[in-house]
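Here the structure comes first, spelled out in structure tokens, and everything after it is commentary.
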Amino acid sequence: MIEFFQHVVNGISVGSTYALIALGYTMVFGILQLINFAHGEVFMLGAFIGMYSSRYFGFGEHPSLWALLAILALAMVGCAIMGFLIERLAYRPLRRSPRINVLITAVGVSLFLQFSGQLLFGSDPKFFPQVFQPSGDWTLGGVRFNPLQVIVFCISIVLMAILQTIIFRTRLGRAMRAVSFNHDLASLMGIPTNAVISYTFMLGSALAGAAGVLVGLIYPKIEPLMGTMPGLKAFVAAVLGGIGNVTGAVVGALTLGLAEAFVVAYYAPTFRDALAFIILILILLFKPTGLFGTRRTEKV
Amino acid sequence: MAETASKAGEVLLKFEDVSVSYGAIQAIRNVSFEVKRGEIVTLIGANGAGKTTSLRAVSGLVRCQSGRVTYRGEVISNLPPHLIVRKRICQAPEGRGIFLNLSVEENLDLGAWAAPDPKSYDDDLAHIFDLFPRLKERRKQNAGTLSGGEQQMLAIGRALMGHPDLLLLDEPSLGLAPQIIEKIFEIVQMINRDGKTVLLVEQNALQALQIAHQGVVLETGHVTLSGPARQLLASDEVRKAYLGE
Ligand SMILES: Nc1ncnc2c1ncn2[C@@H]1O[C@H](COP(=O)(O)OP(=O)(O)OP(=O)(O)O)[C@@H](O)[C@H]1O
Ligand SMILES: [Mg+2]
């Protein structure tokens with residue numbers, strides 16, 4: 001039983017990083033009906049910004065929670081800028097183009113960032129400095145917690161709560177929901193739709209950047225292609241929850257994280273990465289709208 | 001009152017030879033007409049005549065291929081929609097255009113997005129609820145659950161939240177029961193007496209011309225007739241084509 005809870009803890013902690021990435025996919029899809037394949041690379045960039053900035057400030061030698069929060073903030077800001085640029089330079093010029101053009105562009109941006117990453121950072125794995133090094137393990141009722149897992153989970157929850165507040169309690173959030181319903185209609189309210197789309201990309205990218213740092217903290221080997229697999233998995237999580245649905249993305253990501261943890265524990269560790277794709281196929285076959293998705297008939 | 005009187009007669013909105021195309025399809029061509037301050041002007045015509053396209057040209061949702069739209073003498077046809085709204089031109093669009101994923105109150109909030117003075121929000125909301133008590137009862141409800149008539153009221157109320165000088169209404173009577181239509185038209189007149197200029201698109205020519213000061217008839221993309229509403233009501237052409245006589 002204790003072992004079971006151990007797997008739950010692992011699953012939730014991995015799932016919460018998927019959730020941070022999945023939120024970006026789902027928000028961008030909600031507002032543009034676009035699957036931003038470059039999102040996984042923004043996550044990778046977050047890890048590298050985190051690594052370089054902690055090297056620069058020497059946080060590896062003086063680990064603290066403040067160091068972690070500082071590089072988290074830097075990665076989020078850097079990735080937000082990156083998200084802004086991706087939308088502005090790659091997607092906005094294609095706003096009125098057929099969807100297939102945009103899709104191909106998204107794949108192109110993803111490849112471009114992967115290879116630019118290899119050029120810039122080198123293709124060999126880098127070590128992510130341990131900017132936060134809690135001592136020993138924590139136990140609760142026999143279940144062992146790696147404190148890093150707990151921290152990662154807590155930070156993810158706080159970020160998601162902030163996002164939730166932005167979407168449902170602020171003027172910007174109301175504008176985002178209006179634009180995702182219908183661009184023309186939103187613009188008739190006086191909402192600058194292009195600016196709202198930029199903000200959406202920036203928010204989603206900032207969360208992916210945070211995920212990059214948090215994943216670097218748990219698996220301290222980072223490399224320019226590291227975004228592919230988590231990116232795909234987060235995409236599956238978003239589809240599982242019903243793409244475009246913010247709550248769905250979180251639920252889908254936690255589900256996927258847990259499912260992976262159980263497969264590794266009770267079936268075969270090698271099976272772990274295949275699981276996401278099996279889930280994707282099952283969903284597309286049996287419930288393409290996902291767990292929380294509704295078919296959007298009102299779209300003009 | 002004196003001020004409105006002195007400003008009455010000023011041309012607020014002017015179409016000068018406006019043409020708009022969707023790809024290869026020309027929706028309107030060389031459309032010219034004007035709307036004077038304080039008036040209700042109705043744009044009537046059959047399905048596909050180009051009425052909605054004309055309103056979209058005012059709101060900046062379509063580009064003018066040639067010609068121009070001016071508002072208070074300033075060309076607005078190259079401005080993006082959200083800046084046109086700031087000039088106090090608000091629209092209740094075709095098919096009501098309600099945000100079905102938001103509550104009634106959130107819809108009204110969005111209408112006030114570009115309102116000139118955020119402090120007047122509470123008063124404005126109270127005013128809309130006076131005008132449409134049904135919306136007050138349903139303020140927390142999802143707007144998708146409203147009836148067609150209630151949605152139309154919400155669309156008009158939402159446009160009013162933006163403090164328009166010029167209110168654009170696209171077929172507010174569409175799909176509504178006769179009594180509700182009557183009510184909507186009464187409210188349009190009330191809004192107009194309150195000092196707002198109204199450009200009313202309608203297929204319901206008889207009722208529209210009865211409350212309007214001026215009428216413009218569109219046929220397959222161009223203006224075939226225009227003039228004082230009373231004259232149009234009396235003209236043989238209009239009676240034959242639109243009033244079924
Ligand atoms: N998005 C579009 N793409 C292509 N053609 C369009 C589009 N919107 C309108 N049209 C065409 O432009 C013409 C004018 O359409 P518009 O919607 O302005 O007419 P309308 O007078 O508002 O008609 P209705 O009374 O049915 O609302 C029509 O022939 C229509 O088919
Ligand atoms: Mg129309």
Study note, to complete from the structure: Note: among A:GLN114, A:GLN164, A:GLN149, A:GLN118, just one is part of a helix (DSSP H, G or I), open to solvent by 50 Å² or more (accessible area, probe 1.4 Å), polar (S, T, N, Q) and more than 21 Å from A:MET27 (Cβ to Cβ), namely A:GLN118
Point to revise | Hits in segment A:178-195 (condition: under 14 Å from B:ASN107 (Cβ atoms), more than 7 Å from every other protein chain (Cβ to nearest Cβ) and among the small types (Gly, Ala, Ser)) | key: A:ALA186
Review point. Condition test on B:ALA177, is it under 22 Å from A:GLY190 (Cα atoms) and among the small types (Gly, Ala, Ser)?
Key: no
Practice item. Take B:VAL69 and decide whether it is of a type in the set (Val, Ile, Thr), open to solvent by less than 30 Å² (accessible area, probe 1.4 Å) and more than 10 Å from chain A (Cβ to nearest Cβ). Key: yes
Exercise for review: Considering (1) farther than 29 Å from B:LYS240 by Cβ; (2) away from chain A (no Cβ under 14 Å); (3) open to solvent by less than 20 Å² (accessible area, probe 1.4 Å); (4) at pLDDT below 95, say which one B:GLY45 fails and leave the rest.
Suggested key: (1)
Review point. Do we find that B:PRO118 is open to solvent by less than 40 Å² (accessible area, probe 1.4 Å), within 14 Å of chain A (Cβ to nearest Cβ) and either of a type in the set (Phe, Trp, Tyr) or without any contact (Cβ under 8 Å) to a residue 24 or more places away in the chain (or both) in this structure?
Key: no
Check your understanding: Only one residue in A:MET229, A:MET202 is open to solvent by 40 Å² or more (accessible area, probe 1.4 Å), modelled with pLDDT of 90 or more, touching a helix residue (DSSP H, G or I) at 6+ places or on another chain (Cβ under 6 Å) and among the hydrophobic types (A, V, I, L, M, F, W, C). Which one?
Key -> A:MET202
Review point. For residues in segment B:97-111 being open to solvent by 20 Å² or more (accessible area, probe 1.4 Å) and facing chain A (nearest Cβ under 10 Å), which is nearest to B:LEU160 (Cα to Cα)?
Key: B:ASP109
Point to revise | Residue identified as under 10 Å from B:ILE44 (Cα atoms) and open to solvent by 50 Å² or more (accessible area, probe 1.4 Å) among B:GLN214, B:GLN203 | key: B:GLN203
Review point. Of the residues that make up segment B:135-143, is at least one more than 16 Å from ligand 2 (Cβ to nearest atom), in contact with a Ser or Thr (Cβ under 7 Å, 6 or more places away or on another chain) and touching a residue at least 40 places away in the same chain (Cβ under 8 Å)?
Key: yes
Review point. Of all residues in segment B:161-198, which are within 14 Å of chain A (Cβ to nearest Cβ) and either open to solvent by less than 20 Å² (accessible area, probe 1.4 Å) or polar (S, T, N, Q) (or both)?
Key: B:MET161, B:GLY162, B:PRO164, B:LEU166, B:LEU167, B:LEU168, B:LEU169, B:ASP170
Point to revise | helices (runs of 4 or more DSSP H) lying entirely in segment B:1-113 (those with 2 or more residues that are within 16 Å of ligand 2 (Cβ to nearest atom)) | key: B:51-59
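Results for (1) more than 16 Å from ligand 1 (Cβ to nearest atom); (2) in contact (Cβ under 8 Å) with a residue 40 or more places away in the chain, shown as yes or no for each residue.
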site	(1), (2)
B:SER21	no, yes
B:ARG29	no, yes
B:GLY45	no, yes
B:THR52	no, yes
B:ALA57	no, yes
B:VAL62	no, yes
B:THR70	yes, yes
B:GLU74	yes, no
B:HIS82	yes, no
Study note, to complete from the structure: Residues of segment B:212-244 being among the acidic types (Asp, Glu) and part of a strand (DSSP E or B), in sequence order, are B:GLU219
Point to revise | Residue that is farthest from the other protein chains (Cβ to nearest Cβ) [pool: residues in segment B:77-87 that are at pLDDT 95 or above and buried (at least 20 other Cβ atoms within 10 Å of the Cβ)] | key: B:ILE84
**Study point:** Selection from segment B:157-211 of residues that are assigned to a loop (DSSP other than H, G, I, E, B), within 16 Å of ligand 2 (Cβ to nearest atom) and over 28 Å from B:PRO118 (Cα atoms)
**Key:** B:GLU171, B:SER173, B:LEU174, B:GLY175, B:LEU176, B:GLN203, B:ASN204
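The values are calculated or read from the model by the stated rules, or taken from the named source; none is laboratory data. What you are looking at is a predicted structure, and each value in this text was computed from that prediction instead of being measured. Neighbour counts are summed over all protein chains in view; Cβ atoms, including those assigned to glycine, are modelled from backbone coordinates with ideal geometry. SASA here: full protein model, heavy atoms, side chains in, ligands and nucleic acids out. Shrake-Rupley method; radii C 1.70, N 1.55, O 1.52, S 1.80 Å.
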